[in-house]
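Coordinate-derived values only; no laboratory data. Predicted model only: the values in this text are computed from it and were never measured. Please note: Cβ atoms are built from the backbone with ideal geometry, for glycine as well, and neighbour counts cover all protein chains shown.
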Amino acid sequence: MQQWKISKETTKMIALGLIKRIEVDYGTPFYLMYPNIFRENVRAFKGAFEKYYDKVLVGYSFKTNYVPAISGLAREEGCYAEVVSSMEYKMASRIGFDAKKIIFNGPVKTTEDIFFALNEGSIVNLDSQYEVDSLLSYKKQNPSKEVKIGLRINIQLNDPNGKSVIQAGLKIGRFGFSSQHLEEVIPLLKENNITINSLHGHTSSSDRSIENYLIIAGELLRVAKRFSLSNVEYFNIGGGFFGAAAEGIDVEGKPSYSDYASSITSFLCDDEWFIKQKPTIVIEPGVSVVANVFSFVTKIYQHKTVRDKHFIIVDGSVFDVKPSMHKYNLPFSLLNVDAGTETRKITTDVVGSTCMEKDIILSQVELTAPKKGDYIILHGVGAYTHVLTPTFINYVSPIFALENANIRLIRRRQSLNDIFNLFDV
Ligand SMILES: Cc1ncc(COP(=O)(O)O)c(C=O)c1O
């Protein structure tokens, strides 16, 4: 089983000296980012697929973490930008993605968004009927243009016992066109001489298992054959993979990049339609390439005991590391500033700087001699953190990139002006 680890080089770099150096100039808390790990992840995931199939495209999921220093690296690595809103589309353009290398997904796109993206030649995957209406009016205005469009297909993911494994335990997912709906939409597009160039099957699951991708791929194949689609250039199985787990997370029994790639490609390459059409396989990883690319450093302010229960109070908050407030403890390390000879261990909650009782960063973890001024480092916080962190009680924290022993500030701490500028005061 492949292990995704923070490299020895990086672990050495997260030394006390480095943290103190940053703190002197910028204070705490702050994020550390490891660009080399991101590069390695993207190359490894793409390479795993390319071992079995020569037309593979990685659409980096902006929503997971759009920090420009990361999405810019994705561009350098040859990824496309996978965006789900007009805001993300504009970000991708500003970062330098060629419009033809933008995959425009998402449930809400205005008519203006659709017209713009089609004029620019982006890959557009429609999600609902109202977008078909916009598309038809685009075609009406551009009757002689070859208009190409993608369709997101609604997919039911069940485990072998027939139980839905759609994210959050939902029985039915809401994204994409249902089979019944496709019966109306595809003939309508054909009638209007609109080419279907992309089939999109992203479906977030609770277990990220390989079998889900075989269901997705199977359903896309079924649709392609049912409607005799012969212009599908992009066969998009979406994101939602496991991977990029920080050191300390149990990856036993979890699929590796290579496990996904070999199963999915062998399933597809067994199919006559697929071999004949030879579309590009598109994957849209987010978590699975960026989770282990960030850590968060927070400082201890107080060790408090309330009726025998220990609390370690730090200056970060749960919103900085797991805004979704899931119940799992992230991998962490404690950096004692002055460990001395004390070896006393306590079992404690590590709680944040907001006034919410449920601001619990780590629950019932064992720490050795934690003291005021020590640091706790949370690992594996690269996915769905910055993008979901609210301005709640504290400023949004800065990010420092660590590369080849250099520290680079890539996002400063939020200021009062950043907050007030949005208001009419
Ligand atoms: C369309 C689409 N593609 C890709 C992703 C990335 O998923 P993940 O970060 O789980 O890999 C998402 C996330 O929800 C998505 O909605």
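Points to keep in mind about this one:
- In the condition set (1) crowded, with 17+ Cβ neighbours inside 10 Å; (2) outside any loop (DSSP other than H, G, I, E, B); (3) more than 14 Å from the ligand (Cβ to nearest atom), Leu330 is compliant with all but (2).
- Any hit, region 288-296, residues being closer than 23 Å to Gln156 by Cα and surrounded by 20 or more Cβ atoms within 10 Å (Cβ to Cβ): yes
- Contact map, region 365-392: first residue in contact (Cβ under 8 Å) with a residue 24 or more places away in the chain, second residue in a loop (DSSP other than H, G, I, E, B) and basic (Lys, Arg), Cβ cut-off under 9 Å, separation 6 or more or different chains; pairs are Thr368/Arg344; Ala369/Arg344; Leu378/Lys322; Val381/Lys322; Tyr384/Lys322; Thr385/Lys322.
- For region 78-193, the strands (runs of 3 or more DSSP E) that sit wholly inside it and include 2 or more residues that are in contact (Cβ under 8 Å) with a residue 24 or more places away in the chain and not aromatic (Phe, Trp, Tyr) are 123-126, 147-152.
- All positions within region 45-62 that are out of contact with any Pro (no Cβ under 7 Å at 6 or more places or on another chain), in a helix (DSSP H, G or I) and buried (at least 20 other Cβ atoms within 10 Å of the Cβ): Lys46, Ala48, Phe49, Phe62
Residue by residue, here is whether (1) under 22 Å from the mean Cα position of the chain (by Cα); (2) surrounded by 20 or more Cβ atoms within 10 Å (Cβ to Cβ) holds:
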| site | (1), (2) |
| --- | --- |
| Gly218 | no, no |
| Asn231 | no, no |
| Gly238 | yes, yes |
| Ala261 | yes, yes |
| Leu268 | no, yes |
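- Residue match in region 337-358 (condition: more than 19 Å from Thr389 (Cα to Cα), among the polar types (S, T, N, Q) and out of contact with any strand residue (DSSP E or B) (no Cβ under 9 Å at 6 or more places or on another chain)): yes
- Single condition Glu272 does not satisfy, out of (1) in contact (Cβ under 8 Å) with a residue 12 or more places away in the chain; (2) away from the ligand (no atom under 15 Å from the Cβ); (3) not basic (Lys, Arg): (1)
- Residue in region 124-132 that is more than 13 Å from the ligand (Cβ to nearest atom), in contact with a Pro (Cβ under 7 Å, 6 or more places away or on another chain) and hydroxyl-bearing (Ser, Thr, Tyr) present: yes
- The one condition in (1) among the aliphatic types (A, V, I, L, M); (2) surrounded by 16 or more Cβ atoms within 10 Å (Cβ to Cβ); (3) within 16 Å of the ligand (Cβ to nearest atom) that Met87 fails to fulfil: (2)
- Residue within region 53-61 that is more than 13 Å from the ligand (Cβ to nearest atom), among the aromatic types (Phe, Trp, Tyr) and farther than 22 Å from Tyr257 by Cα present: no
- Among the residues listed as Ile114, Ile102, the single one being surrounded by 18 or more Cβ atoms within 10 Å (Cβ to Cβ) and more than 16 Å from the ligand (Cβ to nearest atom): Ile114
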